[in-house]
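Let me begin by presenting the structure, written as structure tokens, before commenting on it.
The values are calculated or read from the model by the stated rules, or taken from the named source; none is laboratory data. In this text the structure is predicted, and so the values were computed from the model without any measurement. A quick note on method: Cβ atoms are made from the backbone with ideal geometry, for glycine too, and the neighbour counts reach across all protein chains shown.
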């Protein structure tokens, strides 16, 4: 039974989490994501879960650490400044191999910045953000529907790899309302058995959850295990949407809100007979490298003729991942604005038209 | 078909609700819709606004650069957004609280929504009168759909206000003859 409702991206992410069996939420208010804790405050008791408005971001992420160690699906949410405060906890989650979902509804930065939509936290999300040699899974929804659909996936991947997963949205996606079909398209998997969880050790050996390896060689061995896990994630979990790629002269690369704008620009260019395409990464880490490699390998007819135009609400962050994936085999151009500025559909059309001429 | 509408007024005039009711009704009629609010540090006495896009096609940006329609319920809103109307755009103006004085080419439809609402017995339904006036000029959503939405979304403690809001909508739809 499906039901179509008009709902904001923030509320959709909160409801998606509840549908995924999230049983614990702790957070501290910040615009533009306040509808998430507000929604959780009213829905969690109905859903049999726990909602806590923590005294600080630091407290919230550490409560999530505790809930996760106890074996339940746990999440927090914030925006840039609050996510920065949570980085210590996120590093500890990665170090203790604890699953958790962290939603970042990005706003303008650096510092306190402003509350306008932004994609300036891409580096922070995809380059670990906290200290140490780790990664978080990073999922980037581009519609209210996808904001809902990706939450169960985030919990599932976090559990599967015992790793924090970040859902990276922005102020537009959080605040806008769109139709949402609430029968989950993504089949929700139940929280798996967690034999490592701290559930009371009567009649079994005690479990230990820690990120501290002081004996010589132990930490390096642990890091090698982490790297093995990250390799598996990179091999199996990259996701993207590709549109009009095979004959494209210019391929736009954009995620989240920016991908919606790039897509409408691309479709208008197609109507005018211009060969534009779009790659929309859905996972930012792992980055969907293979599609770029496939499109630029030597020997193929389109080699060297493709230009990638990366469009971001930042002054150039994902563009670095595109350059790494392309590895010099094609030209990579950039269009971006930051601090609340958003490249428009016309900006995209103009930039592509210049390149395609 | 794509219609981009900016709805603006004082905080408290119900501009957010006007937008939500319109977007919800359009969604139920099978259209693509987005509703995007101003969520900044709005101040009392200042303007509040939301942006609604209704389309037969998937919508890219929910943000409206140039609008097809501006529904302005007070003077400051008109000042803030009049430059954002398309050259042949439609202005729906609450003449109780604003005067047009527009550039040539714009189509302005002025009615004293606040006074009419007052006459109906509830000053707060000016928003629904404006929505009715808009829908009588741009037939993008059926009045019946909007009436249904009004009754469906009213919370338990506001059920008593459904009838006056629906009446206001009908009253607005009659204003343009």
Worksheet item: Is it the case that segment A:300-313 has a residue that's surrounded by fewer than 24 Cβ atoms within 10 Å (Cβ to Cβ) and out of contact with any helix residue (DSSP H, G or I) (no Cβ under 9 Å at 6 or more places or on another chain)?
Response: yes
Worksheet item: Given A:114, A:104, which one is within 28 Å of residue A:181 (Cα to Cα) and either outside any helix (DSSP H, G or I) or touching a helix residue (DSSP H, G or I) at 6+ places or on another chain (Cβ under 8 Å) (or both)?
Response: A:104
Worksheet item: Quick one: how many residues across segment B:25-63 are over 22 Å from residue A:34 (Cα atoms), at pLDDT 95 or above and in contact with a helix residue (DSSP H, G or I) (Cβ under 7 Å, 6 or more places away or on another chain)?
Response: 5
Worksheet entry | Answer from B:77, B:145, B:96 - the residue that is more than 14 Å from every other protein chain (Cβ to nearest Cβ) and surrounded by fewer than 21 Cβ atoms within 10 Å (Cβ to Cβ) | B:96
Response to the item:
When restricted to B:7, B:71, the only residue part of a strand (DSSP E or B), within 14 Å of chain A (Cβ to nearest Cβ) and within 21 Å of residue B:153 (Cβ to Cβ) is B:7
Worksheet item: From the list B:59, B:53, which one is assigned to a loop (DSSP other than H, G, I, E, B), within 11 Å of chain A (Cβ to nearest Cβ) and surrounded by 18 or more Cβ atoms within 10 Å (Cβ to Cβ)?
Response: B:59
Worksheet item: Considering only strands (runs of 3 or more DSSP E) fully contained in segment A:131-185, which possess at least 2 residues that are more than 12 Å from chain B (Cβ to nearest Cβ)?
Response: A:137-139, A:164-170
Worksheet, complete the sentence: Picking from A:262, A:248, A:254, A:276, the residue that is touching a residue at least 40 places away in the same chain (Cβ under 8 Å) and out of contact with any helix residue (DSSP H, G or I) (no Cβ under 8 Å at 6 or more places or on another chain) would be A:248
Worksheet item: Taking segment A:213-239 as the region of interest, how many residues are within 21 Å of residue A:69 (Cα to Cα) and touching a helix residue (DSSP H, G or I) at 6+ places or on another chain (Cβ under 8 Å)?
Response: 3
Discussion item. Can you tell me which of (1) within 14 Å of chain B (Cβ to nearest Cβ); (2) in contact with a strand residue (DSSP E or B) (Cβ under 6 Å, 6 or more places away or on another chain) is the one residue A:103 doesn't meet?
Written reply: (1)
Discussion item. Take the residues in segment B:10-36 that are outside any helix (DSSP H, G or I) and more than 11 Å from chain A (Cβ to nearest Cβ); name whichever of them is surrounded by the fewest Cβ atoms within 10 Å (Cβ to Cβ).
Written reply: B:12
Discussion item. Given the criterion more than 17 Å from residue A:82 (Cβ to Cβ), touching a strand residue (DSSP E or B) at 6+ places or on another chain (Cβ under 6 Å) and touching a residue at least 60 places away in the same chain (Cβ under 8 Å), identify the matching residue among A:179, A:117.
Written reply: A:179
